[in-house]
Amino acid sequence: MACFVPETVCYVLLCGTIESLYDIELILSRSETTMNSATGIQVISRAAQILRELKTDNSGQSLGELATQTGLPRSTVQRIVNALIVEGFVTTSGKDGDLRLGPEVQALAAAGRVDITVMMRPWLEQLAEETGETVDLARFDGTHMTFVDQVAGRNRLSAVSVPGLQFPLVNTANGKAVLALLPKEEVNRLCAINTPGKERNALLEELRETRTSGLALDLDDHTPGISAAGIAFRTVGGEVFAVSIPAPSERFIKKRKAITQALESFRTAAIASTPYFLA
C-alpha cells in the first residue's frame, strides 16, 4: 500500500533526529495542520477572486464565463460558487441560472460603509492647527462640489463656508483637484459646459500641471481676495473628495509654500495610510 510521507519527515529521517513513533506523529500532525491552513487560505483567495469578477460584471455570468475570466478550473469555480450560494454571497437568476452578487454582499457593504466626514475630522483639525487656516472637505457631486465639513482657522479674518453649500468645479481649488482625477473625456464634457473656449484651453493646461503635482490652486479665481490650494482623493466606494485650504489672498501668498507642504504631508499621512482611500 502506498504511503505519502511529507518532506519534513523525510528530512528528519535522513538527519536521524526522530527518536520515537511519537515524534513522527507530532510531525505529521503539524504538517497536516499547515497544509489545511494553506488550503483554506487558497479557497478564500479564490472565492474573493470570483466575487471580484462578479463585481466587475454583475449583469449575470455563467460558470464557464467565470472560469474563463478568473483562470480557475470550472470544477473549482462550481464548488466555490455552490458554497457562496448557500451563504447568500452569490445568487442565481433568469432561466439560464446566471450568477450575480447575492444579498449578503450588499448587506456587508452597507454595514461596512464609512462616514468619510467622521473619519477625516481629526486629520482636518490637525491640518487647521498646523497651518492656522480654515480647512474644507468637499464631495464631488457630478457637476459641482458640495462642502461637507469645515474646521475654522485661528485667524480672525478667514474664509468660511457653510456645509451643504455648492461650488463650481472649474474655478475652485477643490474643483480643479477633482477634475484632475477624472477621465479626460469627462473633464472635457464638464469644462465645455462651464467655460468658454479660450478659458477652457487655459484650464485644461492648468489641469495637466495639477495631474503632475497633485495640487490645485485657486488664485482669486472664484472669489476676488480669496485664494486656496487643494488636493483630491478617491474612496474605495468610488466617491471623490477634496481637501482645500482657503485664505485671504494677501496672507495666502505669504504662506503658500507652508500651506502646500502641509497638504502634501497630509496626503501622505491621512490618505496613503488609510485603506478606505485611494490617492
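Values as computed for the structure displayed
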read-out: Residue 177 under 16 Å from residue 256 (Cβ atoms), assigned to a helix (DSSP H, G or I) and in contact (Cβ under 8 Å) with a residue 12 or more places away in the chain; value: yes
read-out: Subset of the range 148-162 (residues that are in a loop (DSSP other than H, G, I, E, B), farther than 29 Å from residue 199 by Cβ and touching a strand residue (DSSP E or B) at 6+ places or on another chain (Cβ under 7 Å)); value: 157
read-out: Matching entry among 234, 189 (being farther than 13 Å from residue 136 by Cβ and part of a strand (DSSP E or B)); value: 234
read-out: Some residue of the range 214-226 being among the hydroxyl-bearing types (Ser, Thr, Tyr), part of a helix (DSSP H, G or I) and either surrounded by fewer than 16 Cβ atoms within 10 Å (Cβ to Cβ) or at pLDDT 90 or above (or both); value: no
read-out: Hey, residue 175 over 27 Å from the mean Cα position of the chain (by Cα), surrounded by 16 or more Cβ atoms within 10 Å (Cβ to Cβ) and closer than 19 Å to residue 228 by Cβ or not; value: no
read-out: Count - residues of the range 56-70 that are more than 16 Å from residue 92 (Cβ to Cβ) and either in contact with a Phe, Trp or Tyr (Cβ under 7 Å, 6 or more places away or on another chain) or exposed (fewer than 11 other Cβ atoms within 10 Å of the Cβ) (or both); value: 1
read-out: Single residue of 8, 39, 34, 76 found to be β-branched (Val, Ile, Thr) and either at pLDDT 90 or above or surrounded by 14 or more Cβ atoms within 10 Å (Cβ to Cβ) (or both); value: 76
read-out: Within the range 234-254, considering residues that are more than 21 Å from residue 154 (Cα to Cα) and buried (at least 23 other Cβ atoms within 10 Å of the Cβ), the one farthest from the chain's Cα centre (by Cα); value: 242
read-out: Selected residue [of a type outside the set (Ser, Thr, Tyr), out of contact with any strand residue (DSSP E or B) (no Cβ under 6 Å at 6 or more places or on another chain) and in contact (Cβ under 8 Å) with a residue 40 or more places away in the chain] from 119, 145; value: 119
read-out: Residue ranges of strands (runs of 3 or more DSSP E) in the range 43-143 with at least 1 members touching a Ser or Thr at 6+ places or on another chain (Cβ under 9 Å) and of a type in the set (Lys, Arg); value: 98-101, 135-140
read-out: Hits in the range 255-270 - residues which are under 14 Å from the mean Cα position of the chain (by Cα) and either at pLDDT 95 or above or under 17 Å from residue 180 (Cα atoms) (or both); value: 267
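Rundown of residues vs (1) of a type in the set (A, V, I, L, M); (2) surrounded by 13 or more Cβ atoms within 10 Å (Cβ to Cβ); (3) closer than 11 Å to residue 244 by Cα; (4) at pLDDT 95 or above, yes/no style:
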site: 126; (1), (2), (3), (4): no, yes, no, no
site: 147; (1), (2), (3), (4): no, yes, yes, no
site: 152; (1), (2), (3), (4): yes, no, no, no
site: 158; (1), (2), (3), (4): no, yes, no, no
site: 161; (1), (2), (3), (4): no, yes, no, no
site: 167; (1), (2), (3), (4): no, yes, no, no
site: 170; (1), (2), (3), (4): yes, yes, no, no
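The values are calculated or read from the model by the stated rules, or taken from the named source; none is laboratory data. Nothing here was measured: the structure is a model prediction, and the numbers come from that model. Note that each Cβ is placed from the backbone with ideal geometry, even for glycine, and that neighbours are counted across all protein chains shown.
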